[in-house]
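Encoded as structure tokens, the structure appears first; notes follow it.
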Amino acid sequence: MSQLFTPTMLGSALLQNRIVMAPMTRARANVDGSPGPLAAQYYAQRASVGLIITEGTQPSDDGQGYPATPGIYTDAHVTGWREVTAAVHAQGSRIFFQLMHAGRMSHPLNTPHHRQGVAPSAIAPVNRYLPCQV
Ligand SMILES: Cc1cc2nc3c(=O)[nH]c(=O)nc-3n(C[C@H](O)[C@H](O)[C@H](O)COP(=O)(O)O)c2cc1C
């Protein structure tokens, strides 16, 4: 505990303290998948931690699992995320990206193209919310 607020190295990254913010899906991205207008402000407000891990972000339109999650596969996405990283760096914090391909957890209604999601696994996920499958 006495070292919680002291700097440390994580690989090549110097962290201003040892507190890390877990990735949390916000579902607030723009329709085109770029971070929403408040994203930079949201992350900057939390940048007193040593390291922020972004919300899960789809690396392709086939990887989207939930509505309004951000992507990182178009120039507009990159531009939006650069605003986020600049705002976080300005507060002295670091930010790592979480790439999240939802695989079979995606649904055609949640993708921009409404195609069935692409996934590497032949094993269907268990829906833990259905009483008949507990
Ligand atoms: C609203 C919400 C969104 C989350 N989104 C993600 C996510 O995008 N990626 C991820 O790996 N975990 C996600 N998680 C899981 C958290 O990062 C964390 O692992 C989880 O809340 C357990 O942490 P805790 O034991 O400190 O509560 C999310 C959790 C919450 C509450």
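The values are calculated or read from the model by the stated rules, or taken from the named source; none is laboratory data. Remember, it's a predicted structure, so these values are computed and weren't measured experimentally. Reconstructed Cβ throughout: ideal geometry from the backbone, glycine too, with neighbour counts over all protein chains shown.
See the values below:
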read-out: Flag for residue 33 being at positive phi, surrounded by 17 or more Cβ atoms within 10 Å (Cβ to Cβ) and away from the ligand (no atom under 14 Å from the Cβ); value: yes
read-out: Subset of segment 80-110 (residues that are among the small types (Gly, Ala, Ser) and at pLDDT 95 or above); value: 80, 86, 87, 90, 92, 93
read-out: Residue 53 vs. criteria within 14 Å of the ligand (Cβ to nearest atom), within 17 Å of residue 20 (Cα to Cα), surrounded by fewer than 22 Cβ atoms within 10 Å (Cβ to Cβ) and modelled with pLDDT of 95 or more; value: yes
read-out: From 40, 68, residue being surrounded by 15 or more Cβ atoms within 10 Å (Cβ to Cβ) and within 13 Å of residue 84 (Cα to Cα); value: 40
